[in-house]
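The values are calculated or read from the model by the stated rules, or taken from the named source; none is laboratory data. Because the structure is a prediction, the values reported are computed rather than measured. Here the Cβ positions follow ideal geometry from the backbone for every residue, glycine too, while neighbour counts run over all protein chains shown.
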Amino acid sequence: MSHGLYRLGRFAARRPWIVIGGWLVIAIAVIGASGVFGRELEDSFAVPGLDSQDAVDLLTAAGADQAGLTAQVVTTPFDEGLTFSESAAARAELAEIQAGLADLSHVLVVSEPSISADDTIALIRVQYPVLEELNIDDLENLKEFGAEAQAGSPLQIELGGDLFFAFEEPETGVGEMIGIIAAVIILLVAFGSLIAMGLPIGLALFGLALGISTMALVTYLIEVPSWAPQASSMIGLGVGIDYALFLVTRHREFLSRGMTVEEAVGRAVATAGQAVVFAGGTVVIAILGLGFAGVPFMTAFGVVASIIVLIMVVASVTLLPAFLGLAGHRINGLRRKKRETREELQADFREENSGWGRWGRHVSKNAWAYLIGSTVLLLALAAPVLDLRLGFPDEGALPESRTERQAYDLVAEGFGPGINGPFVIAVDISEDPSVVEPLVAAIVADEGIANVAPPEVNPDAGVAILLAFATTSPQDGTTRDTITRLRAEVFPPVLDDSPARAHVGGQTASFADIGERVNSRLPLFIAAVVVMSFMLLTLVFRSVVVPLKAALLNLLSIGAAYGVLVMVFQWGWGMGLIGLEATVPIVPFMPMFMFAILFGLSMDYEVFLLSRVREEYLVTGDNDGSVIHGIASTARVITSAALIMISVFLGFVLGEDPVIKMMGLGLATAIFVDATIVRVVLVPATMKLMGDANWWLPAWLDRLLPTIDIDGEAGLPEPDMEAEPEVDQERVLISASVGQESIR
């Protein structure tokens, strides 16, 4: 493979405009087709096989309005001492609000106002069709109506409900912009060159734009959720900048040895580019593993995110080399194009490598201490996972400035917390209409149910609809217990001897069911991703020990990230620092999302580090020296890449949505742990202790595995050097001698 990438890199550097022109044609074609033929991204939370989905299907088949989304309009007089029964103006305003809501587009039913026991809070429910028949304009129309009704009104008017969850989009661009600004600063400090800084940023933005444009075309094959672009941008920006950073760093290293620009590009693609290909492959495997969840919207996200990663990989080994060829020695900015003396060259190499080289030797000398200490630290960080509580944050977790939060608080105050997440129980009574009354009585008797609305019976459709309200809030773990108890203990005594069947639906039940589905598949998903990644790395590094160690260490760093989420979001440690106003459970699909993304991204650093270690080991056969060389030559770029990715992820913590905060903090924590504790402490410590056993591969497996040309620089032809070959040859010898000194 290294020979093929070497030739590809040299061609791109030699014929840059051909490569750039080809990419421009592809980009124009994809973006143009997306604009002309692309479909809009749509949110669909349908998951076949779930009881809550059965409820939706039954209601939809019967043509019941309750199959769709709802919104809540909550009002209360501004005058705290005023009640609705005492104020004719308040009652008249309430009637006008009810009439105005009925005139909104796509509104099916507007309920009569429910008045709280203290006569100060009124609740109006607005029923909409199913999600597929709506779009963001319906939410905007409702919000516009609320703003107009509020003007000059004696009532405080707040809005909330399912419609907001489906279409309210968190602020976009803030996290990405912060990440890009941080990346600019970090790259300028690391490279001291505008061109060297601009290429990784430009490549990542180009790949992201192209990847997001493909989503509108992918909708012809699968339904892509509307939040996929924002979530994918986290991954796309991170890997795009990282991959380009790896290649630019290696290219500049080869230039410093006196090689020609074309030669330096070719060797950078053959070495760092090879690591990018395999690292990107691991990321794709991990993200596509989301398909094991059995949840369509997660599978769709895995597909579109993997497309973006593939675009970044291909662009890194084709488009970036073309720009490197055009940049020539200007990639070094203000630094001299050529070194003039032996002393300057030696000093430059020592400045870049000696610090991390000393660290590598230090860790090797104290391997047991660092292994034990780091492992204990990671296990301590991961320990809170034992208290992990899964659930969906409800509107009560939003900032108090949001209308959804104020509506939630008013409803909870006036009617109880369960009103914010009603259970929509669909009963098939086509063969036994007599079960409705005993079923209502059994549901009301349950300890977790506050009350049940009068049943709506449609004998022609053979469906009865029961609206039940829990005693606890939607995100409370007790609410999930109530749903489970209704299905397992309350329904069976009433329905066992009847052909009638009941299904618990509604947003709260749907989220609970999706969480259960994801959690039940999580062990299979983790096992599948680990096994596939193990197989790929075994093929790459011709070792079973290195891939096994990589998998175990990645599991440790991901476990630590899970633990930090529990500390912050469940226990409330430092939640004020990230703008979280209340503790919330961990979103059920968050562990799977995080594992898919983090396992793949962690492998980026692992492959980049170990590819350098293996290159040196193939030349010298010295395991300890190879490990130190790998740390000395990659730690700086890995640290820079990690800082960029952490900045990108932390940018998303500034948003208002607790789910986005959760993902941003979890990903940033895991990358920090991986790039510090794992990559520059645990990896060199374990590889030192294992010695040559790191590269052990059973003979029978060696014969079975296909041979892949991954010898890196060792398998490449003699390099083409700049003019004055005798000086350039001396540079090569000096760089080699300095590298050996740093290892020793």
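Mind checking whether some residue in the range 157-166 is within 20 Å of residue 456 (Cβ to Cβ) and at pLDDT below 90?
Taking the range 157-166 first, the residues within 20 Å of residue 456 (Cβ to Cβ) are 161-162.
The next check asks that each one be at pLDDT below 90; those that pass are 161-162.
Looking for residues that are within 20 Å of residue 456 (Cβ to Cβ) and at pLDDT below 90, one finds at least one in the range 157-166, hence yes.
Identify all residues within the range 485-512 that are polar (S, T, N, Q) and closer than 23 Å to residue 569 by Cβ; write none if there are none.
507, 508, 510
Return the total of residues in the range 105-125 being over 41 Å from the mean Cα position of the chain (by Cα) and in contact (Cβ under 8 Å) with a residue 60 or more places away in the chain.
Of the residues in that region, 4 qualify.
Among the numbered criteria (1) crowded, with 17+ Cβ neighbours inside 10 Å; (2) part of a helix (DSSP H, G or I), which single criterion is violated by residue 392?
(2)
Among 308, 285, which is the only one that is aliphatic (A, V, I, L, M), under 24 Å from residue 538 (Cα atoms) and either at pLDDT 90 or above or under 16 Å from the mean Cα position of the chain (by Cα) (or both)?
285
List the pairs whose first member sits in the range 564-576 and is on the phi > 0 side of the Ramachandran plot, whose second member is modelled with pLDDT of 90 or more and of a type in the set (A, V, I, L, M), and whose Cβ atoms are under 7 Å apart, counting only residues at least 6 apart or on separate chains?
Cβ pairs passing all conditions: 574/568.
If a residue has to be assigned to a helix (DSSP H, G or I) and either at pLDDT below 85 or crowded, with 24+ Cβ neighbours inside 10 Å (or both) to count, how many in the range 257-278 make the cut? Talk me through it step by step, then tell me what you get.
Within the range 257-278, the first condition is being assigned to a helix (DSSP H, G or I), and the residues that meet it are 261-278.
Imposing the further condition that a residue be either at pLDDT below 85 or crowded, with 24+ Cβ neighbours inside 10 Å (or both) reduces the set to 263-276, 278.
Number of matching residues: 15.
Take the range 473-497 and flag every residue that is part of a loop (DSSP other than H, G, I, E, B) and touching a residue at least 24 places away in the same chain (Cβ under 8 Å).
473, 474, 475, 476
Could you tell me whether residue 636 is closer than 19 Å to residue 556 by Cα, part of a helix (DSSP H, G or I) and among the basic types (Lys, Arg)? Quick ask: steps written out before the conclusion?
Working: closer than 19 Å to residue 556 by Cα: no; part of a helix (DSSP H, G or I): yes; among the basic types (Lys, Arg): yes.
Against the criterion (closer than 19 Å to residue 556 by Cα, part of a helix (DSSP H, G or I) and among the basic types (Lys, Arg)), residue 636 does not qualify.
May I ask you to list pairs of residues, at least six apart or on different chains, whose Cβ atoms are under 8 Å apart, with the first in the range 663-692 being farther than 17 Å from residue 606 by Cα and the second being among the small types (Gly, Ala, Ser) and at pLDDT below 85?
From the range 663-692, the pairs are 663/231; 664/175; 664/651; 664/655.
Kindly indicate whether residue 635 is small (Gly, Ala, Ser) and surrounded by fewer than 24 Cβ atoms within 10 Å (Cβ to Cβ).
yes
State all residues of the range 214-254 that are more than 30 Å from residue 675 (Cβ to Cβ) and surrounded by 24 or more Cβ atoms within 10 Å (Cβ to Cβ); if no residue qualifies, say none.
Across the range 214-254, the qualifying residue is only 224.
Are any residues in the range 495-510 touching a helix residue (DSSP H, G or I) at 6+ places or on another chain (Cβ under 7 Å) and over 15 Å from residue 68 (Cα atoms), and if so, which ones?
Residues satisfying the conditions are 495, 498, 500, 501, 502, 503.
Output the residues belonging to the range 541-551 that are assigned to a helix (DSSP H, G or I) and over 15 Å from residue 283 (Cα atoms).
541, 545, 546, 548, 549
Looking at this structure, is residue 603 over 30 Å from residue 168 (Cα atoms), among the aliphatic types (A, V, I, L, M) and under 16 Å from the mean Cα position of the chain (by Cα)?
yes
Going by what's in this entry, would residue 605 be described as under 26 Å from residue 301 (Cβ atoms) and among the aromatic types (Phe, Trp, Tyr)?
Answer is yes for this residue.
Based on what the data block shows, is residue 572 part of a loop (DSSP other than H, G, I, E, B) and not hydroxyl-bearing (Ser, Thr, Tyr)? Show your work before the answer.
Numbers: part of a loop (DSSP other than H, G, I, E, B): yes; not hydroxyl-bearing (Ser, Thr, Tyr): yes.
When the stated conditions are applied, residue 572 passes them.
Output the residues belonging to the range 180-204 that are in contact with a Gly (Cβ under 8 Å, 6 or more places away or on another chain) and in a helix (DSSP H, G or I).
Matches in the range 180-204: 182, 191, 194, 195, 196, 200, 203, 204.
Would you mind finding the one in 655, 630 that is in contact with a helix residue (DSSP H, G or I) (Cβ under 7 Å, 6 or more places away or on another chain), surrounded by 18 or more Cβ atoms within 10 Å (Cβ to Cβ), touching a residue at least 12 places away in the same chain (Cβ under 8 Å) and outside any helix (DSSP H, G or I)?
Answer to the check: 655.
Check every one of the helices (runs of 4 or more DSSP H) wholly within the range 1-104 and list those with 2 or more residues that are under 17 Å from residue 129 (Cα atoms) and over 34 Å from the mean Cα position of the chain (by Cα). Spell out the reasoning first.
Working: elements: 2-14, 16-37, 51-61, 88-102.
The qualifying helices (runs of 4 or more DSSP H) are 88-102.
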